[in-house]
Amino acid sequence: MEKIIEKSKLAPNIHRIRFHLPLLVEKAKPGQFVILRIDEPGERIPMSIADLDKKNGILTIVFQEVGKSTAQLGSLKEGDLLADVVGPLGTPTHIEKYGNCVCVGGGIGIAPIHPVAKALKEVGNQVTSIIGARNKELLIMEDESIAACDNLIISTDDGSYGFHGFVTQVLAGILEKGEKVDFVFSVGPVLMMRALARVTLPYKVRTIISLNPIMVDGTGMCGACRVTVGNQTKFACVDGPDFDAHLVDFEELLKRQRMYLKEEKVAMDNFVSRMDQSAHHHQSHKPS
Ligand SMILES: Cc1cc2nc3c(=O)[nH]c(=O)nc-3n(C[C@H](O)[C@H](O)[C@H](O)COP(=O)(O)OP(=O)(O)OC[C@H]3O[C@@H](n4cnc5c(N)ncnc54)[C@H](O)[C@@H]3O)c2cc1C
Ligand code: FES
C-alpha cells in the first residue's frame, strides 16, 4: 500500500500527486515511468515520472483525468492509500552533452519533459523549453519549467498566453531563423509529436519522443504497447518509451490508441453512475 503524501490541482482535471518511495526514487531516472493500481481490482495505470526528489525519496506524478481510472485517481485525497506503485519501468532517456537542446511539451506532456530538461542542463547543455496548452488555464508547471531550463517559451492554441499557436510552430520558427539545434526531446499528444517529427526532419535534427501507447504489464510480456519503429516491432514499455521520432509509424500508433474507445466509455459511464449513486446515498442519510 502506498500513501498519497501530497495532492494538488494544477489545472481543471489535472492533478499532482506525491509519494514517499525512497527505494524506487533512488533507482529511477528521467524518462522512466511507474505503473500504479488504485485498488486490487483496478487496472494498471502507467504514469511518467514528473519529478524525482532524490534527497527525500519523493516521487511526483502529474496526470490528467481522461477516463475511468484517472477520474478515480483524481477523486482520491491526501492520506489515501493506493494498492501499489511499481517501478521504475522503461529505458531512461539517453542524456549526454549534445549542445543546444530543445524540450517540447504539449499539454500533460509538459510534466515528463521536466526531469529530462533538468538532466540535460545538469550535464552542461543549453536547454530551451517550449511548453504549450490549449489555453492559459490548462498550462501547467510554468515555474518548475523556468527553473529547469535556460530559456522558456510558452504557447497557447487560443493565444490567451504567450505565442498564439502550437509548440511545433515555435520550434519551426527557431529552426527557420537558422538557430543551431542539436537535440530535440518531446512529449505530447500523438498528433503533436507527428507534426514535430515533420518539422525537424528536413533539418536532420536528432528528435526523440516519448510514446504513451496503451500498456498493460509494462514488462514486455503482453504486447499491448507494440509500436512500429523503423519497420521493426518494438515494445514501448521496455524498448522505449523513447524513440526516434523520424522512424515511428504514427498512423498505426493513432489507430491502436483508439482500439478500446467503446470499452473505455462503458467503464467511465459505470463509474459516473456509481459515484452518483454514492452521492445520492450520502445525501439521503444526512441528518436533517
Ligand atoms: C508510459 C506512459 C506514461 C504515461 N504518463 C502519463 C502521465 O504522466 N500523465 C498522464 O496524465 N497520463 C499518462 N499516461 C496516460 C495514462 O496512462 C492514461 O491516460 C490512463 O491509463 C487512462 O486511463 P483511464 O481509465 O482514465 O482512461 P480510459 O478510458 O481507459 O482511456 C482514455 C484514453 O487514455 C488512453 N489509455 C487508456 N489506457 C491506457 C494505458 N494503459 N496506457 C496509455 N494510454 C491509455 C486511451 O487510448 C484513451 O485515449 C501515460 C501512459 C503511458 C503508456
Ligand atoms: S505493456 Fe505489455 S508488452 Fe509493453
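The values are calculated or read from the model by the stated rules, or taken from the named source; none is laboratory data. These figures come from a predicted structure and were not determined experimentally. Methodologically, a virtual Cβ is constructed for each residue, glycine included, from the backbone with ideal geometry; neighbour enumeration extends over all protein chains shown. Quick note on the areas: whole protein, heavy atoms, side chains included, nothing else; ligands and nucleic acids left out. Shrake-Rupley method; radii C 1.70, N 1.55, O 1.52, S 1.80 Å.
Out of region 251-265, which residues are in a helix (DSSP H, G or I) and surrounded by 12 or more Cβ atoms within 10 Å (Cβ to Cβ)? Selection gives Glu252, Leu253, Leu254, Arg256, Gln257, Glu264, Lys265. Take Ala245 and tell me if it is at pLDDT below 95 and among the small types (Gly, Ala, Ser). Taking the combined requirement at face value, the residue does not satisfy it. With the condition kept exactly as written, say whether any residue in region 200-212 is open to solvent by less than 60 Å² (accessible area, probe 1.4 Å), touching a Pro at 6+ places or on another chain (Cβ under 9 Å), touching a residue at least 12 places away in the same chain (Cβ under 8 Å) and among the small types (Gly, Ala, Ser). Yes, region 200-212 contains a residue that is open to solvent by less than 60 Å² (accessible area, probe 1.4 Å), touching a Pro at 6+ places or on another chain (Cβ under 9 Å), touching a residue at least 12 places away in the same chain (Cβ under 8 Å) and among the small types (Gly, Ala, Ser).
Taken together, Ala224, Ala245, Ala236 contain a single residue that is near ligand 1 (Cβ under 10 Å from one of its atoms) and open to solvent by less than 10 Å² (accessible area, probe 1.4 Å), which is Ala236. Only residues that are assigned to a helix (DSSP H, G or I) and either more than 8 Å from ligand 1 (Cβ to nearest atom) or of a type in the set (D, E, K, R) (or both) were counted across region 62-100, and they come to 2. Go through the residues of region 105-117 one by one and say whether even a single one is part of a strand (DSSP E or B) and either touching a helix residue (DSSP H, G or I) at 6+ places or on another chain (Cβ under 6 Å) or surrounded by fewer than 16 Cβ atoms within 10 Å (Cβ to Cβ) (or both). Yes.
Matching residues to (1) more than 21 Å from Ser186 (Cα to Cα); (2) acidic (Asp, Glu); (3) out of contact with any His (no Cβ under 7 Å at 6 or more places or on another chain):
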| residue | (1), (2), (3) |
| --- | --- |
| Gln32 | no, no, yes |
| Arg44 | yes, no, yes |
| Asp53 | yes, yes, yes |
| Ile61 | no, no, yes |
| Leu76 | yes, no, yes |
| Gly87 | yes, no, yes |
| Thr91 | no, no, yes |
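Evaluating Met141 against the criteria (1) buried (at least 21 other Cβ atoms within 10 Å of the Cβ); (2) touching a Ser or Thr at 6+ places or on another chain (Cβ under 6 Å); (3) not small (Gly, Ala, Ser) leaves one unmet condition, (2).
Tell me which residues, restricted to region 176-194, are under 16 Å from Cys103 (Cβ atoms) and open to solvent by less than 60 Å² (accessible area, probe 1.4 Å). If the condition is that a residue be under 16 Å from Cys103 (Cβ atoms) and open to solvent by less than 60 Å² (accessible area, probe 1.4 Å), then Val181, Asp182, Phe183, Val184, Phe185, Ser186, Val187, Gly188, Met192, Met193 are the ones that fit.
Against the numbered list (1) under 30 Å from Lys234 (Cβ atoms); (2) surrounded by fewer than 22 Cβ atoms within 10 Å (Cβ to Cβ), Gly173 comes up short only at (1). Please verify whether region 10-30 includes one or more residues that are modelled with pLDDT of 95 or more, open to solvent by 20 Å² or more (accessible area, probe 1.4 Å) and touching a helix residue (DSSP H, G or I) at 6+ places or on another chain (Cβ under 6 Å). The answer is yes; a qualifying residue exists. Residues that are among the hydroxyl-bearing types (Ser, Thr, Tyr) and within 16 Å of ligand 2 (Cβ to nearest atom) were ranked within region 59-115; the one that is nearest to Arg274 (Cα to Cα) is Ser69.
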